[in-house]
Amino acid sequence: MEIKNLSKYSDAEKIVLAEQLWDSISKKDLEISDDVKKELDSRIQNLEEGKTELYTWDEVKAHLKSIR
C-alpha cells in the first residue's frame, strides 16, 4: 500500500486520517500476551499505590542528553 501526496493535506486532516485508521483496527485483533497483561497490571497497581516515580517529558529528555 502506498499513500501519495500527504503533503497536500493539512495537519488537521492528517490527524483525522490517523484517527480513522486507528479506529478501523478491531481491538480483538490486537493480541496481548498474558505476560504483557500481567506486567501492565503490575505497573498500574504500582502507579495507583504511589510505588513508582513519574517524570516529565523535559526530565526524560534531559536525562537522555546527559547519558549520551
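The values are calculated or read from the model by the stated rules, or taken from the named source; none is laboratory data. For clarity, every value in this text was computed on a predicted model and none was experimentally measured. All Cβ positions, glycine included, derive from the backbone under ideal geometry; neighbour counts span all protein chains shown. Protein only, heavy atoms only, side chains kept; ligands, DNA and RNA dropped before computing areas. Shrake-Rupley method; radii C 1.70, N 1.55, O 1.52, S 1.80 Å.
Quick look at the values:
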{"quantity": "Candidates L47, L30, L17, ranked by Gaussian network fluctuation over the chain, Cα under 10 Å, top entry", "calculated": "L17"}
{"quantity": "Lys pairs, the chain - Cα-Cα below 24 angstrom, 8 or more residues apart or on other chains", "calculated": "9"}
{"quantity": "Cβ-placed point charges (K, R +1; D, E -1), dipole of the chain about Cα centre in debye, nearest 20", "calculated": "340 debye"}
{"quantity": "For the chain, calculated [θ]222 nm from helices alone, where every DSSP H run of n ≥ 4 adds -39500 (n - 2.57)", "calculated": "-17500 deg cm²/dmol"}
{"quantity": "Rounded accessible area of I67 (nearest 10 Å², 1.4 Å probe)", "calculated": "110 Å²"}
{"quantity": "Pairwise FRET efficiency - V60 versus V36, Cβ, R0 = 25 Å, nearest 0.05", "calculated": "0.65"}
{"quantity": "Measure of compaction for the chain (Cα Rg per 2.2 N^0.38 Å)", "calculated": "1.72"}
{"quantity": "Fluctuation leader among D58, D41, D23 - the chain, Gaussian network, Cα springs under 10 angstrom", "calculated": "D58"}
{"quantity": "Zone of L6's modelled label, taken as backbone nitrogen in the stretch 20-42 under 14 Å from a point 7 Å along Cα→Cβ", "calculated": "20-22"}
